[in-house]
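*Asks:* Questions regarding the structure given below will be posed in turn.
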Amino acid sequence: MNDLGSVRNRQSSKLNNTNIVKIMILDFLIKDGSCYGFELSAKIEKIMNYMWKPSNGLIYPLLRQMEENMWLKGWWDVPDKKTRRNYKITDEGIKHFKGIKLIYKPLLDESLAITQGVLNKIYGNKL
């Protein structure tokens, strides 16, 4: 396969913010048991050294989508008020996490290598 074909095949599996937030949510829920949306957002912000935080417009639709896909189970603290929705990962979510974890690792490594190459070239930095 030529380089152009290889680039085209990889483009469909590139990481984006949504995919990164999704895998982080699943990882947190595996390790922490259950969390609510704001709590997950704050945990992601902390992992990102407070340099980036997922917006509400990203995290809450993603949580709803993950619940619709049966990867998460959600419930309201106070069902009548619907003020805070908690989530826990399902068996299907754990299975999905294991699959994307294998797919995302080389993509994250590639992104890190690209960033390191740019820093080295432009700024002479080493990560």
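*Asks:* If I take R0 = 25 Å and measure r between the Cβ atoms of ARG84 and TYR50 in this structure, what FRET efficiency does the formula 1/(1 + (r/R0)^6) give, to the nearest 0.05?
*Replies:* Using R0 = 25 Å, I get an efficiency of 0.60.
*Asks:* In addition: If I build a Gaussian network model for the chain, linking alpha-carbon pairs within less than 10 angstrom, which residue out of TYR36, TYR50, TYR60 has the largest mean-square fluctuation?
*Replies:* Judging by the Gaussian network model, the answer is TYR50.
*Asks:* Further question on the same structure: Can you give me the angle between helix 17-32 and the longest principal axis of the chain, using Cα atoms only, in degrees from 0 to 90, rounded to the nearest 10?
*Replies:* Long axis of 17-32 versus the principal axis of the chain: about 50 degrees.
*Asks:* Is there a pair in LYS53/LYS88; LYS53/LYS95; LYS73/LYS101; LYS73/LYS105; LYS46/LYS88; LYS53/LYS121 whose C-alpha atoms are over 23 Å apart, and which pairs would that be?
*Replies:* Distance filter (> 23 Å) returns LYS53/LYS95; LYS73/LYS105; LYS53/LYS121.
*Asks:* For the chain, give the magnitude of the charge dipole about the Cα centre (Cβ charges: +1 Lys/Arg, -1 Asp/Glu; no others), in debye to the nearest 20.
*Replies:* 140 debye
*Asks:* How many angstrom lie between the Cα centre of segment 95-127 and the Cα centre of segment 28-46?
*Replies:* Distance between centres, Cα-based: 23 Å.
*Asks:* Residue-wise, which Karplus ³J(HN,Hα) couplings in Hz belong to segment 61-73, taking 6.51 cos²θ - 1.76 cosθ + 1.60, θ = phi - 60°, and x for glycine or proline?
*Replies:* x, 5, 4, 4, 5, 5, 5, 4, 7, 6, 8, 10, 10
*Asks:* Could I ask something else about it? With every protein chain kept in place and ligands, DNA and RNA left out, what is the accessible area per residue of segment 38-127? Probe 1.4 Å, answer in Å².
*Replies:* In whole numbers, segment 38-127 has 73 Å² accessible per residue.
*Asks:* Still on this structure, I have one more. Report, please, the projected area of segment 60-106 averaged over directions, based on the convex hull of its C-alpha atoms, in nm².
*Replies:* Reported value for the Cα convex hull: 3.7 nm².
*Asks:* Equivalent ellipsoid semi-axes for segment 28-127, as square roots of 5 times the alpha carbon gyration tensor eigenvalues: give them largest first, rounded to whole Å.
*Replies:* 32, 17, 10
*Asks:* Quantify, in whole percent, the carbon and sulfur part of the accessible surface of segment 35-101 (1.4 Å probe; protein heavy atoms only).
*Replies:* Solvent-exposed carbon and sulfur of segment 35-101 make up 53 percent of the total.
The values are calculated or read from the model by the stated rules, or taken from the named source; none is laboratory data. Here the structure is a predicted model, which means the values were calculated and not measured. Note: ideal-geometry Cβ built from the backbone for every residue, glycine included; neighbour counts use all protein chains shown. The accessibility values were calculated without ligands, DNA or RNA, using every heavy atom of the protein model including side chains. Shrake-Rupley method; radii C 1.70, N 1.55, O 1.52, S 1.80 Å.
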